[in-house]
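Novice: Here's a structure for you.
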Amino acid sequence: MSNSGNYILEGGRVIDPKNGIDQVMDIGIDSGLFCEPEKVTNPQRINVEGLIVAPGFIDMHVHLRQPGAADKETIKTGSMAAAAGGFTTILAMPNTKPVADTAGSIDYLRRNAAENAIVNVLPSGCITKGREGKEMAGIGGLKKAGIVAITDDGDCVHFNELMYNVLEYSKTFGLTVLDHCEDDTLAADGLVHDGYWAAINGFRGIPSASEVIMVARDIILAEAVEGKVHIQHVSAADSVRYIRDAQKRGIAVSAEATPHHITLTDECIKDFNTNFKMKPPLRTEQDRLAIIDGLKDNTIAVIATDHAPHTETDKLVEFAYAPFGVIGLETAVSICLTELFHKGVLNISEFISKFTKGPAEVLGLDRGSIELGKKADITILNTELEHVIDKNKFYSKSRNTPFNGRSVKGKAVAAVVEGKFIYSEIQGISGII
């Protein structure tokens, strides 16, 4: 069947957490927009009975590596990986080479994405010039160039006065500050979580306090300036506790968790497999369960992949010399359906919210919902599809996944962007990839 852009999706269970929709109904798409089914012009009818039709999933933490490391990932291959994983919108991190701290660098990403990306690619800009943590970047110019958030991801802004001013100044432009919370003096030269497995393997550890102390700092500063801060890739139990308490006091702090911190612990490093080396590191079972609790009570409203591609050569070295980071775009939905939905941690509406309503609200995006007249971005899920993750089938250029060979239940079987099937495993419907 051709990819015409005019469809009626028939018989699917439509779930839209933002608008409180959870019912079996038909969805119309006409000229790339959501439309009442009876008003679709010359529609192709697609039977999606037994499947879940959701707003297009958003990943607000993706490293596309371009410019500077096209051997690891490009905007094109990263967007293909996103579509195959069920994501229709991704937020590109600015720690490229050169870094995205000027209007010109943002323009490069936007032009490249317009030409090569098959999903929506949104730019973020640096908090500080050169990501050096010393001087605020030209946030106004970056906003005008099209960024939707600011972050020095990969590095933390250590100077309190600078972070105070950033949080205050960002309010002027309606930009959320996304912070990689890590005190370098505590984490310096660390490789894994500072605990039992670090000691057993003879690794220098990264204590939880290196994250928690900066989370607490950001909360204090956000309260002081009545600003908004988002904590990236939360890994520690005490971080969850501080964030929960701050939210109860009305402070505008939000948080995300990654699939690897949701499902794995530092025990995974016992075999020296560098695909379990990431920042923040995998921590203890107590920390993992605290993250689960944070997802359950919505202290953590977002699941984001922190998709960080590295070549096999990069990772095929001694543990100490391997780079931090793992990929996640093509595994996140399946891993989280298996560990969160099928284990009863989240119901399906709560699960979908972590990938739609949650990130859209954090970033202030007019996305993540199914509404008449809006662009038809859709993720279609088969929650019962059992399969085994195979890194050799990935669209990403890189293979550094901690989940290769893992049996999972549930998958994104289609991604629709502006009414076009970009990726599809639905019988009779072909995608662009």
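Novice: Which ones in the range 299-323 are in a loop (DSSP other than H, G, I, E, B) and either surrounded by fewer than 16 Cβ atoms within 10 Å (Cβ to Cβ) or modelled with pLDDT under 95 (or both)?
Specialist: Result: Leu316, Val317, Glu318.
Novice: Of a type in the set (Lys, Arg) and under 17 Å from Ala257 (Cβ atoms) - does that describe any residue in the range 297-316?
Specialist: Checking the range 297-316: not a single residue is of a type in the set (Lys, Arg) and under 17 Å from Ala257 (Cβ atoms).
Novice: State all residues of the range 104-138 that are over 29 Å from Met80 (Cα atoms), part of a loop (DSSP other than H, G, I, E, B) and not hydrophobic (A, V, I, L, M, F, W, C); if no residue qualifies, say none.
Specialist: In the first step, residues of the range 104-138 are kept if they are over 29 Å from Met80 (Cα atoms); the result is 128-129, 132-138.
Narrowing further to those that are part of a loop (DSSP other than H, G, I, E, B): 132-135, 137-138.
Glu132, Gly133, Lys134, Glu135, Gly138 - these are the residues of the range 104-138 that are over 29 Å from Met80 (Cα atoms), part of a loop (DSSP other than H, G, I, E, B) and not hydrophobic (A, V, I, L, M, F, W, C).
Novice: Taking the condition among the small types (Gly, Ala, Ser), in contact (Cβ under 8 Å) with a residue 60 or more places away in the chain and in a helix (DSSP H, G or I), does Ser396 pass?
Specialist: On the way: among the small types (Gly, Ala, Ser): yes; in contact (Cβ under 8 Å) with a residue 60 or more places away in the chain: yes; in a helix (DSSP H, G or I): no.
No: the conditions fail for Ser396.
Novice: Looking only at strands (runs of 3 or more DSSP E) that fall completely inside the range 8-92, which ones have 3 or more residues that are over 29 Å from Ser396 (Cα atoms) and touching a strand residue (DSSP E or B) at 6+ places or on another chain (Cβ under 7 Å)?
Specialist: In the range 8-92, the matching strands (runs of 3 or more DSSP E) lie at 21-30, 44-47.
Novice: So which residues in the range 325-340 are more than 20 Å from Ser235 (Cα to Cα) and not hydroxyl-bearing (Ser, Thr, Tyr)?
Specialist: Glu330
Results for (1) surrounded by fewer than 16 Cβ atoms within 10 Å (Cβ to Cβ); (2) touching a residue at least 40 places away in the same chain (Cβ under 8 Å), shown as yes or no for each residue.
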| site | (1), (2) |
| --- | --- |
| Tyr7 | no, yes |
| Gly12 | no, yes |
| Asn19 | yes, yes |
| Gly28 | no, no |
| Leu33 | no, yes |
| Glu38 | yes, no |
| Gln44 | no, yes |
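Novice: A further question follows. If you scan the range 227-283, which residues turn out to be polar (S, T, N, Q) and either within 22 Å of Ala308 (Cβ to Cβ) or surrounded by 23 or more Cβ atoms within 10 Å (Cβ to Cβ) (or both)?
Specialist: Passing the criteria: Gln232, Ser235, Ser239, Ser254, Thr258, Thr263, Thr265, Asn273, Thr274, Asn275.
Novice: Next question, about the same structure. Which members of the range 188-204 meet the condition of being on the phi < 0 side of the Ramachandran plot and either among the hydroxyl-bearing types (Ser, Thr, Tyr) or without any contact (Cβ under 8 Å) to a residue 60 or more places away in the chain (or both)?
Specialist: Answer for the range 188-204, where residues must be on the phi < 0 side of the Ramachandran plot and either among the hydroxyl-bearing types (Ser, Thr, Tyr) or without any contact (Cβ under 8 Å) to a residue 60 or more places away in the chain (or both): Ala188, Asp194, Tyr196, Ala199, Arg204.
Novice: Residue check: is Gly141 in a helix (DSSP H, G or I), out of contact with any Gly (no Cβ under 6 Å at 6 or more places or on another chain) and either over 19 Å from Val225 (Cβ atoms) or in contact (Cβ under 8 Å) with a residue 40 or more places away in the chain (or both)?
Specialist: On the way: in a helix (DSSP H, G or I): yes; out of contact with any Gly (no Cβ under 6 Å at 6 or more places or on another chain): yes; either over 19 Å from Val225 (Cβ atoms) or in contact (Cβ under 8 Å) with a residue 40 or more places away in the chain (or both): yes.
When the stated conditions are applied, Gly141 passes them.
The values are calculated or read from the model by the stated rules, or taken from the named source; none is laboratory data. What you are looking at is a predicted structure, and each value in this text was computed from that prediction instead of being measured. Cβ atoms come from the backbone with ideal geometry, glycine included; neighbour counts cover every protein chain shown.
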